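Remarks on the structure that follows.
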């Protein structure tokens with residue numbers, strides 16, 4: 001809150017400021033919270049001048065009121081639905097990714113998370129001619145893989161070159177370098193004219209690599225860094241109407257549970273009531289669970305190229321939805337004749 005000074009009003013001379021400071025009135029908020037009658041006693045100013053001072057400070061330092069309908073119209077006009085380019089995934093998500101939201105792609109190592117991100121990046125860069133920011137923390141972004149996807153789809157070298165130029169890859173080595181990049185990105189987006197941002201989607205592949213070194217230590221720096229990152233990402237997606245897709249790792253945990261009834265095949269009984277249940281959970285702990293608005297879990301079938309993508313957590317969709325896809329030379333594609341489905345309530349286990 002701004003401190004009172006002589007530049008705010010001709011009525012605030014040194015003598016008046018000294019009297020206000022003696023009564024512990026130092027800021028704009030302090031003076032606005034006092035009644036005009038008390039200010040008259042403190043400043044020795046006439047009633048008319050106190051009212052004039054009050055109105056002047058209110059006009060110069062108050063927030064402008066905004067109508068709710070105006071905010072809603074602005075939000076609708078700037079919100080876009082970005083298809084993934086994978087028919088079954090778009091059907092499951094009811095169209096694709098909404099701008100202004102944070103999404104997460106989660107799965108075990110080698111399940112195809114990066115392949116999914118590369119497929120979506122290629123689709124947006126080609127079909128919509130939009131720039132894509134791809135933050136690579138594992139130094140395994142493959143330009144050859146993107147080229148293979150485009151060549152398999154029959155595009156010529158000129159088109160392939162234009163698409164690859166629109167995918168801007170930034171390699172990040174630690175969390176502090178990520179914060180520097182996001183701050184630079186905020187500055188560049190602010191400088192763009194008329195809110196016509198060429199960047200509508202950002203990929204972060206992957207986040208655990210950056211945060212694992214700070215989790216579990218006595219200093220507890222990980223939670224502070226995670227909170228700062230979540231706030232920065234939410235500011236970017238809200239202020240500039242951008243979609244953020246974060247890649248996370250799914251890990252398996254063994255948990256003890258007292259189950260007096262018959263247990264599923266996934267549980268290994270130790271005695272008649274105590275069982276060890278194997279559950280799959282996203283990494284980074286409980287704090288990060290609520291940061292994304294939607295979490296997509298990728299499951300790999302044995303050693304084949306088949307994958308199942310499940311809505312693991314969502315603020316708008318049923319967590320029983322899933323679809324089947326294939327890892328193909330052209331990228332991640334829908335299985336032949338496959339559309340999204342919903343698992344029955346009595347058999348689906350929410351992994352979150």
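Every read-out reported here was derived from the displayed coordinates using simple, explicitly stated rules and does not represent laboratory data. These numbers were taken from a predicted model, which means no experiment stands behind them. Note that each Cβ is placed from the backbone with ideal geometry, even for glycine, and that neighbours are counted across all protein chains shown.
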Cα convex hull volume per residue for the chain, in Å³, equals 226 Å³
Helix 175-191 sits off the longest principal axis of the Cα atoms of the chain, rounded to the nearest 10 on a 0 to 90 degree scale, by 60 degrees
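If neighbour count is taken as other Cβ atoms inside 10 Å, put 323, 293, 15 in order from fewest to most. Walk me through the intermediate numbers first.
Numbers: 323 24, 293 19, 15 10.
Fewest-to-most ranking of 323, 293, 15: 15, 293, 323.
As an exercise, use a Förster radius of 56 Å and the Cβ-Cβ distance of residue 6 and residue 251 to find the FRET efficiency, rounded to the nearest 0.05.
Working: r = 61 Å, r/R0 = 1.08.
After rounding, the FRET efficiency stands at 0.40.
I need to check one value: relative contact order of region 14-61, counting alpha carbon pairs closer than 8 Å and at least 6 residues apart, in percent.
Taking the mean separation of contacting Cα pairs over the length of region 14-61, I get 34 percent.
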Percent of all Cα-Cα pairs per 5 Å bin for region 102-248, counting from 0 up to the last occupied bin, reads 2, 9, 18, 21, 20, 15, 9, 4, 2, 1, 0
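For a Förster distance of 25 Å, can you work out the FRET efficiency between the beta-carbons of residue 320 and residue 152, rounded to the nearest 0.05?
Values: r = 33 Å, r/R0 = 1.32.
With R0 = 25 Å, the Cβ-Cβ based efficiency is 0.15.
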Rounded to whole Å, √(5λ) for the Cα gyration tensor eigenvalues of region 14-61, largest first, gives 15, 13, 9
If 56, 88 are placed from fewest to most neighbouring beta carbons inside 10 Å, the sequence is 56, 88
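In what order do 325, 16 fall by count of nearby beta-carbon atoms within 10 Å, going from fewest to most? Walk me through the intermediate numbers first.
On the way: 325 25, 16 20.
In increasing order of surrounding Cβ atoms, one gets 16, 325.
Only bridges whose two residues both fall in the chain count here: according to DSSP, what percent of them are antiparallel, nearest 5?
55 percent
With an 8 Å Cα cut-off and a minimum separation of 6 or more residues, compute the relative contact order for the chain in percent. Each step should come with its number before you reach the end.
Details: 552 pairs, mean separation 67.2, N = 352.
Across the chain, relative contact order equals 19 percent.
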Taking a crude spin-label model, label points 7 Å out from Cα along the C-beta direction, the residue 180 to residue 62 distance in nm is 4.5 nm
Taking Cα atoms only, helix 47-61 is inclined relative to the longest principal axis of the chain by an angle, in degrees rounded to 10, of 20 degrees
Helix 113-127 sits off the longest principal axis of the Cα atoms of the chain, rounded to the nearest 10 on a 0 to 90 degree scale, by 70 degrees
